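Take a look at the structure below.
The values are calculated or read from the model by the stated rules, or taken from the named source; none is laboratory data. Keep in mind it's a predicted model, so treat the numbers as computed, not measured. A quick note on method: Cβ atoms are made from the backbone with ideal geometry, for glycine too, and the neighbour counts reach across all protein chains shown. When the accessible area is computed, the model is the full protein with side chains, heavy atoms only, and any ligands, DNA or RNA have been set aside. Shrake-Rupley method; radii C 1.70, N 1.55, O 1.52, S 1.80 Å.
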Amino acid sequence: MTATVLSVRNLRVAFRHGSARAEVVRGLDLEVLAGETLAVVGESGCGKSISALSLIGLLPETAQIVAGRIELLGRSLSGLPEREVRALRGDRISMVFQDPSAALNPTLTVGDHLIDAILAHRAVGRAAARAEAATLLEQVRLPSSARMLDEYPHRLSGGMRQRVMIAMAIANQPDVLIADEPTTALDATVQHEILALLRDIQDRNRMAVVLITHDLGLVARWADRVLVMYAGEGVEARSASAIPHSLLHPYSRALVEARPLRRAERGRRQILRELAGAPPLPGEHGRGCSFAPRCPLVRERCERESPQMLVAADGHVACHAVAERGINAEQAT
Amino acid sequence: MISRRIVTRNPALTLGCLLLAALVSVALAAPWLYPDDPRDMVAPALLVVGADLNFPLGTDALGRDVAAGIAYGARTSLLLGALAAGCATAIGMLLGLVAGYARGWVDGLLMRLCELFQTIPHFLLALFVVAILGATLRNIVLAITLTSWPSVARLVRSQTLMLRELDFVRIAPAMNVGRLRVILTHLVPNVLPTVVTNASILAAVAILGESGLSFLGLGDPRLVSWGGMLGEGRDMIRTIPSLTLLPGAAIVLTVLGLNLLGDGLNQALDPRRRS
């Protein structure tokens, strides 16, 4: 059995503005196994990025974790002193960001960035760190020459900058890498190369990847498991092979249908189906299921009671309709 | 960091350096060129330029050598410019970084302090300080520093506020980078081009400020300064214009040199503008 490297239980994150408080992550559970890729999908504002930032301790000043337990390699982060949590960040867990052009300091060279990432966690000499920086460049398939180490970020292409970011993130061979839309700022071919690179590093280092994205096609191709988030909650946690046709939660299905179809798939449904309505605003959640107002399968119970994550197929789904249908199916057989 | 290739590709920097190098060498060579006190009366008064080759730039109303005055004035002006710009930049940069990075009440307190100094007319504040503490070079540097640090602090604060929102500063805690290191490796190098450029302009402003004080008779009486010469030559501006034109030209060249240097440094220190 594969070990769990990261586990999150009942995570709640809230933004504060004066006395007002808005919960944007409302009881998120997730589990990441060593070496696997967990994709977290959902529309903008569903809390996926904020969840990721809270895992690595980068929440903006106005946001804070109000409840929940985060365990990294079996150690709870909430119980540890700040100094030890900081030592874990960038070492056992690290992150790759969406916009590689903003994530690199324009006054530092590629080498400086990598050497700093190495020296932040290990007491090695500068020369040794530089030698290691060169091998990191090799790992992300950039030329490992002295010239590359002395380049400034503004002279690199977007794809090269993202490779440098990845090299920084894997400098200390972390157990978990969080990739927040790592390819959104890149064009399609570069996107493919970067993901292939991540997969390759992942296999070599047995590193787990939490891939945050809204691109279901990407998830089907690259992830092992998928967690669909809606309005700050996980609604469906499944094997990625369930995409596109075996997803159960009505929101997950709506996400799939909102994806443009390729020509061969046309005819089965219209090219793009949009989902009417909008998710509830943070802080304005009712008592029942937050998807109920937009749900095609809505029933009376959904308005009263928020559904729990229940075992369904090869994962978990939080939906009364799916649960009932599951029971009915069992009764029928 | 600044290679020969960059200097040749950066004419502003080259020209600014040459101008200032010339002025610095005149300042350094002054005691050797003119071993006597430049305030000594050495020749008949009001010799025009070229009238006596021993005094190529002529003499003033008291028979003092104008060439010696310009040379010694360079010492005063450059020393004062460097000291005042250095002090104001150091104080302003420190307080600006602290205010912009800490924000909250620290920021509020420091910015109110800035405003306190900025609301008083600069020249009036300088006059006040020098009039009370006495006209010495040290007090003139102090007066000019007091009037110019707030602009540096505000500049650095605004840059810091902008930088701290950029990803590479925001994610630093996730890379186990401490606050001091964030300031030293991420903030300082990124505000430095602006601050250095600003410092060269501050030096120019300081030189002009000292000239103003000397013109009003509040310069250090033990030192010859261009502003003082300008003030004394003013009465003769219609008969012997060289008495005002020469120290004036010296001020203009110095300020020009400093501005070119600042512009050139801005280009040389910013990796994005180097290539």
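Springs between Cα atoms under 10 Å define the GNM used for chain B, and in it the highest mean-square fluctuation of B:153, B:131, B:99 occurs at B:131. Rounded to the nearest 20, the Cβ-based charge dipole of chain A about its Cα centre (Lys and Arg +1, Asp and Glu -1) stands at 280 debye.
In the range A:140-177, burial by the other protein chains removes 40 Å² or more of 1.4 Å probe accessible surface, compared with the chain on its own, from A:152, A:154.
Selection among A:98, A:178, A:213 by position relative to the dipole of chain A gives A:213 as farthest towards the positive end (Cβ unit charges, Cα centre). Burial annotation for the range B:234-275: residues with an accessible-area loss of at least 40 Å² between the isolated chain and the complete set of protein chains, computed on heavy atoms with a 1.4 Å probe, are B:271, B:272.
For A:106-112, what's the mean count of beta carbons from other chains sitting within 10 Å of each residue's beta carbon?
Details: counts 7, 13, 6, 1, 0, 0, 2.
What the average comes to for A:106-112 is 4.
What's the FRET efficiency of residue A:245 with residue A:80 using the Cβ-Cβ distance as r and R₀ = 45 Å, to the nearest 0.05? With a Förster radius of 45 Å, E is 0.55.
Counting every alpha-carbon pair across the range A:1-90, the share separated by more than 17 Å comes to 51%.
Each residue, residue A:155 and residue A:3, gets one label point 7 Å from its Cα in the Cβ direction; the gap between the two is 4.2 nm.
Accessible surface of chain B, 1.4 Å probe: 69 percent of it comes from carbon and sulfur atoms. With the charge dipole of the range B:14-123 set up from +1 on Lys and Arg Cβ and -1 on Asp and Glu Cβ about the Cα centre, the Cα lying farthest toward the positive end among the listed residues B:106, B:15, B:49 is that of B:106. Global size of the protein assembly as shown: 33.9, 125 Å for Rg and Dmax (C-alpha atoms, Rg to one decimal, Dmax whole). Taking one quarter of the surface of the convex hull spanned by the alpha-carbon atoms of the range B:2-155 gives a direction-averaged projected area of 13.4 nm². Using only side-chain charges placed at the Cβ, +1 for Lys and Arg and -1 for Asp and Glu, the dipole size of the protein assembly as shown relative to its Cα centre rounds to 1000 debye.
Mind checking the per residue accessible area of the protein assembly as shown for me, 1.4 Å probe, whole number of Å²? Display every interim value, and only then the final one.
On the way: 28710 Å² over 608 residues.
Averaged over the residues of the protein assembly as shown, the accessible area is 47 Å².
Beta-bridge orientation, chain A: approximately 65 percent antiparallel, per DSSP, counting only bridges with both partners inside. Counting other Cβ atoms within 10 Å, which trypsin sites (Lys or Arg not before Pro) in the range B:204-275 have at most 12 and lie in a DSSP loop? Qualifying residues, ordered by number: B:222, B:238.
Each of B:137, B:160, B:86 was placed along the dipole of the range B:85-169 (beta-carbon charges, centred on the mean Cα), and the one lying farthest toward the positive end is B:137. Qualifying GluC sites (Glu not before Pro) in the range B:164-244, where qualification requires a DSSP coil assignment and no more than 14 other C-beta atoms within 10 Å, comprise B:165.
If the viscosity is 0.890 mPa s and the temperature 25 °C, what translational diffusion coefficient in µm²/s does Stokes-Einstein give for the range B:36-97 when Rh comes from Kirkwood over Cα pairs? Before the final figure, lay out the partial values.
Details: Rh = 13.5 Å.
For these conditions, the coefficient is 181 µm²/s.
Tilt of helix A:158-169 relative to the longest C-alpha principal axis of chain A, in degrees (0 to 90, nearest 10)? Result, in degrees: 90. Across the range A:104-260, Cα-Cα pairs more than 29 Å apart make up 28 percent of the total. Of all accessible surface on chain A at a 1.4 Å probe, what whole percent is carbon and sulfur? Carbon-and-sulfur percentage of accessible area, whole number: 51.
Between the Cα long axis of helix A:320-332 and the first principal axis of chain A there is an angle of about 60°, rounded to the nearest 10. Of the DSSP H helices in chain B, those with a Cα length along their own long axis of 18 Å or more and a mean Kyte-Doolittle hydropathy reaching 1.6 comprise B:11-33.
Total buried accessible area between A and B, probe 1.4 Å, nearest 100: 2000 Å².
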